Amino acid sequence: MGSSSVQMSASEVERLTRLAERLGQAIAERGCVLVTGATTGFPDIVSRAARRRGCLTVGISPASSREEHASRYSLPHDGVDVIVYTGFGLKGRNVINVRSCDVVIIFGGGIGTLNEFTIAYDEGKVVGVLEDTGGVADQIKGITALSSRPVGSALVFESSPEVLIDTCLKVLGGLN
């Protein structure tokens, strides 16, 4: 879960693109299935990197059809192997997206990513936060400190995509 669009310097885009590609590669190399919001930006970069390495990628679309996915939401068709058209809009899509995952990875992000994080946090998911990616990812510790409600979510913070995925999978294995 992460930034589909954001304004930043060219050097920051380049740095985060490299991290996104490493994240996609790490997900693929560990034999995971990647679920995304069938969107643009960094989630799309992660998905394409994972696909290039043989990972099955699934996109959960807010649209009700292929046509609406492109025309109303301006989202790509070629970033994932399979697209599930929900017709539930962006927030409804986020619920399905998160509930379809065993592990939720937060990479940068804005209000949509915050929504996905709060769903995952409330539902006790393993949540990996790729540190120093800006946006919501860099605010998660403060956000969780504001929450006085105990939840069963396991939070993992790492700046290395590879270590983040390995640690999240280890935590997930310990929960089963």
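The values are calculated or read from the model by the stated rules, or taken from the named source; none is laboratory data. Since this is a predicted model, take the numbers as computed values, not measurements. Methodologically, a virtual Cβ is constructed for each residue, glycine included, from the backbone with ideal geometry; neighbour enumeration extends over all protein chains shown. Just the protein is used for accessible areas: all its heavy atoms, side chains included, with ligands, DNA and RNA removed. Shrake-Rupley method; radii C 1.70, N 1.55, O 1.52, S 1.80 Å.
Summed over the stretch 68-88, residues that are among the aliphatic types (A, V, I, L, M), open to solvent by less than 50 Å² (accessible area, probe 1.4 Å) and within 18 Å of the chain's Cα centre (by Cα) total 3.
Which residues, counting only those in the stretch 105-115, are outside any loop (DSSP other than H, G, I, E, B) and surrounded by fewer than 24 Cβ atoms within 10 Å (Cβ to Cβ)? Within the stretch 105-115, ILE111, GLY112, LEU114, ASN115 qualify.
Which pairs do you get when a residue that is acidic (Asp, Glu), found in the stretch 117-137, comes within reach of a residue that is assigned to a loop (DSSP other than H, G, I, E, B) and open to solvent by 20 Å² or more (accessible area, probe 1.4 Å), reach meaning Cβ atoms under 6 angstrom, with the pair 6+ apart or on two chains? That search, which allows pairs on different chains as well, returns GLU131/SER159; ASP132/SER159.
Take the residues in the stretch 27-44 that are among the small types (Gly, Ala, Ser) and under 20 Å from PHE117 (Cβ atoms), then tell me which one is surrounded by the fewest Cβ atoms within 10 Å (Cβ to Cβ). In this case the residue turns out to be GLY41. Pairs meeting the criteria (first residue in the stretch 81-106 and aromatic (Phe, Trp, Tyr) and modelled with pLDDT of 95 or more, second residue open to solvent by less than 20 Å² (accessible area, probe 1.4 Å) and part of a strand (DSSP E or B), beta carbons under 6 Å, at least 6 apart or on different chains) are TYR85/SER61. Selection of the stretch 116-152 for residues being outside any helix (DSSP H, G or I), hydroxyl-bearing (Ser, Thr, Tyr) and open to solvent by 20 Å² or more (accessible area, probe 1.4 Å) yields SER147, SER148. Restricting the first member to the stretch 155-171 and to residues that are open to solvent by less than 50 Å² (accessible area, probe 1.4 Å), and the second to residues that are of a type in the set (Val, Ile, Thr) and assigned to a helix (DSSP H, G or I), the beta-carbon pairs closer than 8 Å and six or more apart or on different chains are VAL156/THR167; VAL156/VAL171; ILE165/ILE27.
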